[in-house]
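Single-structure report; data block below.
The values are calculated or read from the model by the stated rules, or taken from the named source; none is laboratory data. None of the values given here were measured: they were computed from a predicted structure. Ideal geometry is used to build each Cβ from the backbone, glycine not excepted, and the neighbour counts take in all protein chains shown. We work out accessible area using only protein heavy atoms, side chains counted, and drop any ligands, DNA or RNA first. Shrake-Rupley method; radii C 1.70, N 1.55, O 1.52, S 1.80 Å.
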Amino acid sequence: MTTSSPLWYLYMLETPRGALYTGITTDVARRVAQHAAGRGAKSLRGRSPLTLVHQEPVGGHAEALRLEAEIKRLTAARKRAWLAGRSSHEESPCTPS
C-alpha cells in the first residue's frame, strides 16, 4: 500500500494597505477562507479584505517551508519584484532571487 504525499502550495495575500503575507498550505481556497474569517494568521486579523495575489504548487512540505522562509526574509520591494517575475513563470516553482 502506497500513500502519496499531498501537494503543497505557496500563496501570497495582500492587505488593503499593500502589505504582503506569504504562507503555505495544501488547500489554498480553504486557507484563504480561514484568513478571511479571522481564523488564520494573527497578523492578518482585522485587515480585510484580503486579496490572493499569488499561488503556485511547490511540491512537498519541506520544499514549501524552505521557499516560504526565503520569501519572508525578502524586503517588500524584493517580494514585489519576485512576484512580477512569477507572472510569466507560474507553472514552475523557483527560488527567489
From the list Leu20, Leu44, exactly one residue is within 20 Å of Ser87 (Cα to Cα) and within 15 Å of the chain's Cα centre (by Cα). Which is it? Leu20
Pairs, first touching a residue at least 24 places away in the same chain (Cβ under 8 Å) and surrounded by fewer than 18 Cβ atoms within 10 Å (Cβ to Cβ) in the range 15-32, second assigned to a loop (DSSP other than H, G, I, E, B) and of a type in the set (D, E, K, R), C-beta under 9 Å, six or more apart: Thr15/Arg47; Pro16/Arg47; Arg17/Arg47; Ala19/Arg47
Which count do you get for residues in the range 33-72 that are surrounded by 11 or more Cβ atoms within 10 Å (Cβ to Cβ), of a type outside the set (S, T, N, Q) and closer than 19 Å to Gly18 by Cβ? 13
Only one of these conditions is not met by Gln55: (1) in a strand (DSSP E or B); (2) without any contact (Cβ under 8 Å) to a residue 40 or more places away in the chain. Which number is it? (2)
Return only the number of the condition from (1) open to solvent by less than 70 Å² (accessible area, probe 1.4 Å); (2) modelled with pLDDT of 95 or more that Cys94 does not satisfy. (2)
